[in-house]
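Working notes, structure below.
Read-outs: derived from the displayed coordinates by stated rules, not from any lab. Small disclaimer: the values here were computed from a predicted structure and weren't measured. Every residue, glycine as well, gets a Cβ built from its backbone with ideal geometry; the counts of neighbours run over all protein chains shown.
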Amino acid sequence: MLRITRKTLYALEAVLDIAYHARPDPVQAKEVADRQGIPQRYLEQALQHLVRAGILRGVRGPRGGYRLARERRRITAGEIMRLVAQMEIEEQTADDGLPKLVSALGAQVASPILERIQNEVMSRLDTISLEDLCRDADQLGLAGLTRAKPDFTI
């Protein structure tokens, strides 16, 4: 079952931040952490998972960081949320912390309803691309959220 956790929201925010700010240079994880208030320890782990999944591309070097691995319009919120959910499942033990439905009523009536609702939510999230979210940010006037300028001069 999909759980919208803090980690899920952090990952979605991070990818959206990268999509929004990765022009022309890659975005460094520290910049994302500073802008979004995401703990850097978790962020690095999530970003690496997203690189392995083909959502992001890591760029090495002094001006390195992260870029989208595909066009913004080809990455959906649903895809990101599924990947983070999978990452969390890999981190968990067998117990997911949810009560088990053992009655026939729970297993045959309640559980299928919850599954249908989850499928509907994920279907809707699959229609929302990073391009859509970046466009929403522009319409809200968030374009002024630019990367921090270098704090040194030559």
>> Please arrange Val109, Val59 by how many other C-beta atoms lie within 10 Å of their C-beta, fewest to most.
In response: Val109, Val59
>> What does the net charge come to around Val51 if you take all other residues with beta carbon closer than 11 Å to its beta carbon, with K and R at +1 and D and E at -1?
In response: +2
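Neighbouring Cβ atoms within 10 Å as the yardstick, rank Ile117, Ile38 fewest first.
Details: Ile117 11, Ile38 21.
Least crowded to most crowded, the residues run Ile117, Ile38.
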> Expressed in nm², what is the orientationally averaged projection area of the convex hull enclosing the Cα positions of region 6-144?
Replying inline: 9.9
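Quick one: net charge of Lys7's neighbours, Cβ under 10 Å, K/R +1, D/E -1?
Details: positive: Arg3, Arg6; negative: Glu88, Glu91.
Here the charged neighbours net out to 0.
Check each of the trypsin sites (Lys or Arg not before Pro) in region 47-83 and keep only those in coil by DSSP with at most 16 other C-beta atoms within 10 angstrom; list them in order.
Working: sites: Arg52, Arg57, Arg60, Arg63, Arg67, Arg70, Arg72, Arg73, Arg74, Arg82; in loops: Arg60, Arg63, Arg70.
Answer by residue number: Arg60, Arg63, Arg70.
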> Classify region 1-51: rounded, prolate or oblate, from the alpha-carbon gyration tensor (a ≥ b ≥ c, eigenvalue square roots; a/c under 1.5 rounded; otherwise prolate if a/b is larger than b/c)?
Replying inline: prolate
> Out of region 1-96, which GluC sites (Glu not before Pro) are coil in DSSP terms and have no more than 12 other C-beta atoms within 10 Å?
Replying inline: Glu71
